[in-house]
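Peer 1: Have a look at the structure that comes next, please.
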Amino acid sequence: MNAEGFASIAALVKARSGIVLTPDKEYMLETRLASLLKQEGIASLDMLALKLRDPRAEALARAVTEALTTNESSFFRDGKPFDHLKRLLPKLMAARPPGHKLRIWSAACSTGQEAYSAAMILAELGIKNAEILGTDLSREVVERARDGSFTQFEVQRGLPVQMLVKYFRQEGGKWRVQPALREVVRFEERNLLADHRMLGRFDIVFCRNVLIYFDPQTKGRVLNALAAQMAADGVMYLGGAETVLGLTDRLVAVMGERGAYALAPVAARMAG
């Protein structure tokens, strides 16, 4: 693939998703776009780059962007954020007025394991007046998340067997989330680079293991936009390798908790 063609596709993907593709990632284009090229009858990546310049190629541009997103997820991934969430939720509910609906946002939710993990914690704590929103750029993974059906391999990754039996039912070779749990969670397509003000406030925001694919400017933009949707005493969870340092002054680390961030005092006053 020529350098101009790679740069063209990389620019399109960054503009649409925030994901940065450096020249050493050309192999990723070759592996992840191979089936799309075959499906569309496009001879090469250079030819694909030419076709993407046509303003009418919206569907193709979307397919390329979705193919280059990383959709890695597992139940109760990394453990510690969910341990903290179990301790935090009762305190948040105690600070809320009667009838408050607790709101959790799983941003870049992939196939839904994170959102369903949070739903199981709510159920275990007996918190019924709550809703979880899972959002992702990819239409395909959002549809999978809505379906709530997981393979044996997927449920074995992080899901305790007691919770598997309690919150899932077996259907053939797969496990489907029980209806009572699915009612708490809804999924929709949403780009992290979009305007999120219409979504309202959230008590908890998950945005884990996605910022690593962005450049610093995009990271700061996303963090500020998510922080603007947080309740004054809300918490945001990032991936273990992610940080807010040098990216935003609206968030500060929660003392003693890896990957947990609260609103800085000035931002909290604005949210209040």
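The values are calculated or read from the model by the stated rules, or taken from the named source; none is laboratory data. This structure is a prediction, so every number in the text was calculated from the model and none was measured. Quick reminder, even Gly has a Cβ in these numbers, built from the backbone with ideal geometry, and neighbours come from all protein chains shown. Protein only, heavy atoms only, side chains kept; ligands, DNA and RNA dropped before computing areas. Shrake-Rupley method; radii C 1.70, N 1.55, O 1.52, S 1.80 Å.
Peer 1: Between residue 188 and residue 269, what's the calculated FRET efficiency when r is the beta-carbon distance and R0 is 35 Å? Round to 0.05.
Peer 2: Using R0 = 35 Å, I get an efficiency of 0.70.
Peer 1: If I take R0 = 22 Å and measure r between the Cβ atoms of residue 36 and residue 197 in this structure, what FRET efficiency does the formula 1/(1 + (r/R0)^6) give, to the nearest 0.05?
Peer 2: It comes out at approximately 0.05.
Peer 1: Follow-up. With +1 on each Lys and Arg Cβ and -1 on each Asp and Glu Cβ, how big is the dipole of the chain about its Cα centre, in debye rounded to the nearest 20?
Peer 2: 860 debye
Peer 1: In Å and on Cα atoms, what radius of gyration and Dmax does segment 48-121 show?
Peer 2: 19.1, 58
Peer 1: So, one more: Find out how many positive minus negative residues lie around residue 69, taking Lys and Arg as positive, Asp and Glu as negative, among other residues whose Cβ is under 15 Å from that of residue 69.
Peer 2: Within the 15 Å Cβ shell, the charges total +3.
Peer 1: Leaving out ligands, DNA and RNA, and with a 1.4 Å probe, what % of the accessible surface on segment 213-272 is carbon or sulfur?
Peer 2: 59 percent
Peer 1: Of all DSSP beta bridges in the chain, what percent run antiparallel (nearest 5)?
Peer 2: In the chain, DSSP labels about 40 percent of beta bridges as antiparallel.
Peer 1: Using only C-alpha positions, report the orientation-averaged shadow area of the convex hull of segment 1-108, nm², one decimal.
Peer 2: 10.3 nm²
Peer 1: So what's segment 165-204 giving for Rg/Rh, alpha carbon basis, Kirkwood Rh from the mean inverse pair distance?
Peer 2: For segment 165-204, the value is 1.16.
Peer 1: While we're looking at this one, here's another question. How high is the FRET efficiency between residue 129 and residue 166 when r is their beta carbon distance and R₀ equals 22 Å, given to the nearest 0.05?
Peer 2: Result of the calculation: an efficiency of 0.60.
Peer 1: If packing is taken as the average count of other Cβ atoms within 10 Å, what order do 28-41, 113-126 fall into, highest mean first?
Peer 2: Highest-to-lowest ranking by the protection proxy: 113-126, 28-41.
Peer 1: Right, something else. Going through segment 125-228, which GluC sites (Glu not before Pro) have at most 13 other Cβ atoms within 10 Å and a DSSP loop state?
Peer 2: 183
Peer 1: Please work out the C-alpha center-to-center distance from segment 12-62 to segment 67-97 and express it in whole Å.
Peer 2: What the calculation gives is 34 Å, centre to centre.
Peer 1: Name the most mobile residue of 262, 108, 180, meaning the one with the largest mean-square fluctuation, in a Gaussian network model of the chain with Cα contacts below 10 Å.
Peer 2: With Cα springs under 10 Å in the chain, the top fluctuation among 262, 108, 180 is at 180.
Peer 1: Per DSSP H run of at least 4 residues, take -39500 (n - 2.57); add these up for the chain, divide by its residues and hand me the 222 nm value, nearest 500 deg cm²/dmol.
Peer 2: -12500 deg cm²/dmol
Peer 1: Another one. What net charge is computed for the residues neighbouring residue 240, neighbours being all others with C-beta under 15 Å from the C-beta of residue 240, Lys and Arg scored +1, Asp and Glu -1?
Peer 2: Around residue 240, the charge tally is -2.
Peer 1: At 1.4 Å probe size, with every protein chain present, just tell me what the per residue accessible area of the chain comes to in Å².
Peer 2: Accessible area per residue, the chain: 49 Å².
Peer 1: Considering only segment 152-272, what is the antiparallel percent among its DSSP beta bridges, to the nearest 5?
Peer 2: 70 percent
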